[in-house]
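Enquirer: A single structure is presented below for examination.
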Amino acid sequence: MRSVRIAMAGMLLLVMASATTFGHHSAAAQDFNKRVEVEGVIKFWEIANPHGRVVLRVTDQKGTRDIEFETHSRNNVYRAGYRDGMVKAGDKVKISIAPNRDGSDGGYVTGFVTAKGEKVGMGN
Amino acid sequence: MFQKAMTCTRVALAIAVFSTAALAQGNRPDFSGVWTTYRAPGAPQGRGGGGGAAAQPALPYTPLAQRKIDEYQALVRPTGETPGGYCLGTGMPGSMLGSGGYPMEIIQRPDQITIIYEAHSEIRRVYFGSRVIPVADRLPERNGYSVGRWEGNTLVVETAQLNEIVSQRFAHSDQARIVERYTLSEENGQKVLTAEMTMTDPAFYKTPVSETKKWSMVPNGFLMTYECNEPIWQKRIEELKKAAAPAAK
């Protein structure tokens, strides 16, 4: 677990370091000084380079809807401890995101906790 | 006394000659290994790498450079798109200044040093001596063509034949020339590689611009393959399957 935590810290650093550089979009749209946790059911989960894409079915005060999030690169998510098969469609997951600056749904995933309690990217 | 002094002088001379000969025979500092962005012990967790969002001092762009950068930004700002999103590497000097915070690997041999940046699997080859080809035969590209030489224990790399790039902080024209100076040191128990970069490009800069990047060795480290195009190809295969489906019925 210690090594995973170290890897998580490394991933967060990498996110901080490189989120503005690599991706389909620059990270200017997200506020990396903020963290928001979102719980949902996985509708789509793709960890890829240059960036991954995650769609969760989320239910909150605004109602139930599918929200799309962007993740860091496959390399960095793997370096943070993620492995293929860790999650699948239909699983519950809690993600930590840098939210969109304009307040709209979505954001940039900086870590997550699976239904089994496996943590990737988050500090604790 | 005179004989003793002469003996000492001869010994010192012999050591100097031996050292020079050793260097000439390729007994150079070994930069081989995996390196990651240097962070001093206890330093706050901040932005590292070459693409951080922290405020950076303005660069002395020429009007031509400023116009080209502004035109580029006007195109991509609305969607926030980047070259990386299209699996395109940063190119020099962004690659050597941190490569987005990803690690790099150096493979060193006397006639060639190969540098692999994990992000986008960018590769640079630094050639020495007889491996250097004539300028007319060099293929311009985003990381240019690099020629190395040793000044004592300092590796000096000169890079030219670059494509014009306006999508990175150190934008440059195809006339840019970049000089890097690499030195090894030991800091806080870490093996540290310091890379000093100076770029001269009268078309884009009123004066030469410089930046320093420090790397620390990752003992027994490794790079991951940065495969970026496979998802695009898989999506294309799915499209082809859908297009072929009606015909198969």
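Enquirer: So, in region B:214-237, of the ones that are in a helix (DSSP H, G or I) and modelled with pLDDT under 95, which residue ends up nearest to the other protein chains (Cβ to nearest Cβ)? Full working, then the answer.
Expert: Within region B:214-237, the subset in a helix (DSSP H, G or I) is B:230-237.
If we keep only those that are modelled with pLDDT under 95 too, we end up with B:230-236.
Working: B:GLU230: 8, B:PRO231: 5, B:ILE232: 9, B:TRP233: 11, B:GLN234: 9, B:LYS235: 10, B:ARG236: 14 Å.
Checked region B:214-237; the qualifying residue nearest to the other protein chains (Cβ to nearest Cβ) is B:PRO231.
Enquirer: Can you say whether A:THR64 is among the polar types (S, T, N, Q) and at pLDDT 95 or above, as far as the supplied structure shows? Steps first, please.
Expert: Numbers: among the polar types (S, T, N, Q): yes; at pLDDT 95 or above: yes.
In short, yes.
Enquirer: Does B:ALA119 fit the bill of being farther than 15 Å from B:ALA195 by Cα, within 13 Å of another protein chain (Cβ to nearest Cβ) and surrounded by 13 or more Cβ atoms within 10 Å (Cβ to Cβ)? Talk me through it step by step, then tell me what you get.
Expert: Details: farther than 15 Å from B:ALA195 by Cα: yes; within 13 Å of another protein chain (Cβ to nearest Cβ): yes; surrounded by 13 or more Cβ atoms within 10 Å (Cβ to Cβ): yes.
Here the answer is yes, as B:ALA119 does meet what is asked.
Enquirer: Oh, and also: So how many residues does region B:87-104 have that are more than 8 Å from chain A (Cβ to nearest Cβ) and more than 22 Å from B:GLN161 (Cα to Cα)?
Expert: Residues in region B:87-104 being more than 8 Å from chain A (Cβ to nearest Cβ) and more than 22 Å from B:GLN161 (Cα to Cα): 2 in total.
Enquirer: Scan region A:64-89 residue by residue and report those that are among the acidic types (Asp, Glu) and within 13 Å of chain B (Cβ to nearest Cβ).
Expert: Here is the first cut: in region A:64-89, the residues among the acidic types (Asp, Glu) are A:66, A:68, A:70, A:84.
The one that is among the acidic types (Asp, Glu) and within 13 Å of chain B (Cβ to nearest Cβ): A:GLU70.
Enquirer: Residues in region B:182-197: is at least one within 14 Å of chain A (Cβ to nearest Cβ), out of contact with any helix residue (DSSP H, G or I) (no Cβ under 7 Å at 6 or more places or on another chain), surrounded by 12 or more Cβ atoms within 10 Å (Cβ to Cβ) and acidic (Asp, Glu)? Before you say what the answer is, go through the steps one by one.
Expert: So in region B:182-197, the residues within 14 Å of chain A (Cβ to nearest Cβ) come out as none.
Checked region B:182-197: no residue is within 14 Å of chain A (Cβ to nearest Cβ), out of contact with any helix residue (DSSP H, G or I) (no Cβ under 7 Å at 6 or more places or on another chain), surrounded by 12 or more Cβ atoms within 10 Å (Cβ to Cβ) and acidic (Asp, Glu).
Enquirer: Pull up region B:76-106, narrow it to residues that are within 13 Å of the chain's Cα centre (by Cα) and among the β-branched types (Val, Ile, Thr), then point me to the one that is nearest to B:TYR182 (Cα to Cα).
Expert: Taking region B:76-106 and keeping what is within 13 Å of the chain's Cα centre (by Cα), we get B:89-106.
This time we only want the ones that are among the β-branched types (Val, Ile, Thr), so: B:90, B:106.
Numbers: B:THR90: 20, B:ILE106: 12 Å.
Once the filter is applied, the top-ranked residue is B:ILE106.
Enquirer: Still on this structure: Scan region B:29-44 for residues that are out of contact with any Lys or Arg (no Cβ under 7 Å at 6 or more places or on another chain), at negative phi and crowded, with 18+ Cβ neighbours inside 10 Å and jot them down. Before the answer, list the steps.
Expert: The initial filter retains those residues of region B:29-44 that are out of contact with any Lys or Arg (no Cβ under 7 Å at 6 or more places or on another chain), namely B:29-37, B:39-44.
Okay, now just the ones that are also at negative phi, so B:29-32, B:34-37, B:39-41, B:43-44.
Scanning region B:29-44 gives B:PHE31, B:VAL34, B:TRP35, B:THR36, B:THR37.
Enquirer: Still on this structure, please answer the following. Being in a strand (DSSP E or B), at pLDDT 95 or above and farther than 20 Å from B:LEU97 by Cα: is that true of B:TRP150 here?
Expert: yes
Enquirer: When you scan region B:173-181, do you find a residue that is more than 14 Å from chain A (Cβ to nearest Cβ), surrounded by fewer than 18 Cβ atoms within 10 Å (Cβ to Cβ) and of a type in the set (A, V, I, L, M, F, W, C), even just one? Please lay out each step first, then the result.
Expert: First, pick out the residues of region B:173-181 that are more than 14 Å from chain A (Cβ to nearest Cβ): B:173-181.
This time we only want the ones that are surrounded by fewer than 18 Cβ atoms within 10 Å (Cβ to Cβ), so: B:174-175, B:177, B:179, B:181.
Still in the running and of a type in the set (A, V, I, L, M, F, W, C): B:179.
Yes: region B:173-181 contains one or more residues that are more than 14 Å from chain A (Cβ to nearest Cβ), surrounded by fewer than 18 Cβ atoms within 10 Å (Cβ to Cβ) and of a type in the set (A, V, I, L, M, F, W, C).
Enquirer: Residues being within 17 Å of B:GLU158 (Cβ to Cβ) and either in contact (Cβ under 8 Å) with a residue 40 or more places away in the chain or in contact with a His (Cβ under 8 Å, 6 or more places away or on another chain) (or both): count how many of those fall in region B:93-138.
Expert: 5
The values are calculated or read from the model by the stated rules, or taken from the named source; none is laboratory data. Since the model is a prediction, treat every value here as computed from it, not as a measurement. Heads up, the Cβs are rebuilt from the backbone with ideal geometry, glycines too, and the neighbour counts pull from every protein chain shown.
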